[in-house]
Structures are given as C-alpha cells and as structure tokens.
1. Could you give me the residue pairs with C-beta distances under 8 Å whose first residue belongs to region 145-158 and is without any contact (Cβ under 8 Å) to a residue 60 or more places away in the chain and among the small types (G, A, S), whose second residue is away from the ligand (no atom under 13 Å from the Cβ) and assigned to a helix (DSSP H, G or I) wherever it lies, and which are 6+ apart or on separate chains?
2. Mind telling me which of the residues T106, T96, T170 ends up being within 15 Å of the ligand (Cβ to nearest atom), open to solvent by less than 60 Å² (accessible area, probe 1.4 Å) and among the hydroxyl-bearing types (S, T, Y)?
3. Take the conditions within 13 Å of the ligand (Cβ to nearest atom) and either touching a residue at least 40 places away in the same chain (Cβ under 8 Å) or assigned to a helix (DSSP H, G or I) (or both) and apply them to A138. Does it pass?
4. Looking at region 243-263 only, could you name the residues that are β-branched (V, I, T) and within 27 Å of the chain's Cα centre (by Cα)?
5. Output the helices (runs of 4 or more DSSP H) that fall wholly within region 231-326 and possess 2 or more residues being within 21 Å of A211 (Cα to Cα) and not polar (S, T, N, Q), or say none.
6. Does at least one position in region 303-311 carry a residue that is charged (D, E, K, R), closer than 30 Å to D137 by Cβ, open to solvent by 80 Å² or more (accessible area, probe 1.4 Å) and touching a residue at least 40 places away in the same chain (Cβ under 8 Å)?
7. Can you name every residue in region 71-83 that is without any contact (Cβ under 8 Å) to a residue 60 or more places away in the chain and either open to solvent by 10 Å² or more (accessible area, probe 1.4 Å) or in a helix (DSSP H, G or I) (or both)?
Amino acid sequence: MTRVLSGVQPSGDLHLGNYLGALRQWAVHQHDHDAFYCIVDLHALTLEIDPKVLRARTLDTAANLLAAGLDPEVCTVFVQSHVPEHPRLTWLLECTATMGELNRMTQFKDKGRGQDAVRAGLFTYPVLMAADILLYDADRVPVGDDQRQHLELTREVAVRFNNRYGPTFTVPEAAIPTVGARVMDLQHPERKMSKSVDSPLGTVAMLDDPAEVARKVRKAVTDTDGEVRYDPEAKPGLSNLLELLAAATDRRPEDVATDYERYGDLKRDLTDALVELLRPVRARHAELSSDPGALHAVLARGAARAHEVAAATYARAAAAMGLLPA
Ligand code: TRP
C-alpha cells in the first residue's frame, strides 16, 4: 500500500480552507493508503510561542484532526516531539543539505523578514520537515502549494544521501490538491483564506457555529453586475462562493452556477451547505475535547506506531553514514 505522510502545525483554529483543501482529503485517503499524520510541534518552536498556548493547541489540533474524520484505528496520528527520531535524523540530514540550499528557501525569507533575532531553527526548518517525511518512507506527501519548494529540497537531500551512502530513503512525491484547494478569503477574494492574515469576517473557522457561518456568508464580498456566472478572473468573490458550494456538495462550480439567478439565493444555499458540512465536525470536536485523557491515549498509541517505523529508518541512515551502533 502506498504510504502517505503529512504534517500540520499546531496553530490553533483551522478554517474552511484547511478542511476542504487538506483534512477532508486526508480522511478519504486514510482508507486507501498507509497514512501518517503528524502534528509538528517542533516546527512551531521556530517562531515565538507561549509554552501554555503551544501545549493547548497541540492537543486541540489532535481533536480537530479526529473531528475532521481521521480515525486512529485506520491511520496514525501523532505528535512530532513524541518520536525522538525526528530531531535525530534532522542532524544527519543537516550534514547532507547545504547552507546554499537552505538560503534559497523563500519561506525562510518571508518568515524571517523584519525579525531582528531569527532563530537558527527557522533556517533549518526544511531539514526537520525532510526528516518528518523520510523517516516514514513516504511515497506521497499531500501539501499546499506553499510547501512545494520544501518538498523539492526533501527529494534532493534524499537522492544525495542515497548516492553518497547507498540506498536508504524513499524519494517522495508531492501531492498538491486541485479540488477545494482554492478557498479564498470572503472579504478579499483575491487572496487565499488564511489564518495568518487578520480577516475575521473573511475566514470561516472549521468550528464556527451556524450563526457565524451565516453572518460571514451574508457579508461576503461579491460584485454589482448581478449575473451568477463562474468567472474567477472577472468575478472573484462570487466565483469563490460557487466553488465553496461546489466543494461542499461535490459538484462543479460551473454547474452550480446554472442553478441560480440571484446572489441571495446562492448565499442562502451556501450557508445551509456549510452549516451541514461543519455540523458533525463541531459535534465531534466538542465530544473529543470533553475527554482529554482519551485524546492523550490516542496520541500515545500513534507515537508508538510511528516510533516503530521511524526507529528502523533512523538506524538504517545512521549505519549508512558510519555511526557505530550503540
Ligand atoms: N511545513 C508544513 C506547513 O507549514 C508542515 C509540515 C511539517 C509538513 N512537516 C511536514 C507537511 C511534513 C508535510 C510533511 O504546512
């Protein structure tokens, strides 16, 4: 069975873009792949974060992943720092990747911009990510378009290691989603829905209640020509609403458009569809959050399963490089 691995930052509230573009796909793929999903708390340390907040968000991200449909009986959900081979393999890979390669990473430049004390970990972030992937012999790595460059680096490091030290790592493919990947901000439809930009009205959280969903859809920016037509260039706001309704109901936005003459009717049906889509997610999240002990137990089982795979890969890599077995 094909192995997939992906990682998610423990960054608090997930939104509709995360759900439609990633989590919903992960939940589908757990059934036809050997799937590993990692909450990357070590990556979160590369930027300033309050320890209490990190701890709470890590557990809440686990609740969100399960609420979105990941079944810990079917796939492996775990926390990165619970598996010590992640930082261990990172060191071996830091001695494989070059400064020049890391210097070219655009995300490092973006995230480091304007900070006066950039953490060394932010610079080596992509190497830790490569370790996340290579430890599990992942064939496919579902990620957003913004992670394409990191995946390319992972592949180059894997190939270089294999050439220098002998076949050790599986060289992974990026799997960049096409459907539901373009969820745009409801207030600024020219940019992606994102938690990092401050747009409370433009971002529908996965756990928004029905009244909040209704308010945000009602206030969503459209245009004044009054024609319901799928045309992302000329009508970005309206086209985003059509794409959302299409994604929520498994149709094509062009087809959805033919059902409507008035923006108001489209918004009403979109509200209903999103409320129904998110209702079970909210309910499961509430249930999971009421029993933190059970969540910890799920993560402990996930870490044990992940560790079995990771330990074998790490031992292979360490031996290949000439480290004396303990
Ligand atoms: N860097 C990724 C992001 O910000 C998260 C991540 C860390 C990841 N390790 C990974 C994604 C391994 C895929 C595979 O979205």
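1. Pairs found: none.
2. Selected residue: T170, the only one of T106, T96, T170 that is within 15 Å of the ligand (Cβ to nearest atom), open to solvent by less than 60 Å² (accessible area, probe 1.4 Å) and among the hydroxyl-bearing types (S, T, Y).
3. Taking the combined requirement at face value, the residue satisfies it.
4. Correct list: T249 only.
5. By residue number, 236-249, 263-289.
6. Yes, region 303-311 has at least one match.
7. D71, E73, V74, S81
The values are calculated or read from the model by the stated rules, or taken from the named source; none is laboratory data. Keep in mind the model is a prediction, meaning the values are calculated, not measured. Positions of Cβ are generated from backbone atoms using ideal geometry, with glycine treated the same way; all protein chains shown enter the neighbour counts. Surface areas here come from the heavy atoms of the whole protein model, side chains and all, with no ligands, DNA or RNA. Shrake-Rupley method; radii C 1.70, N 1.55, O 1.52, S 1.80 Å.
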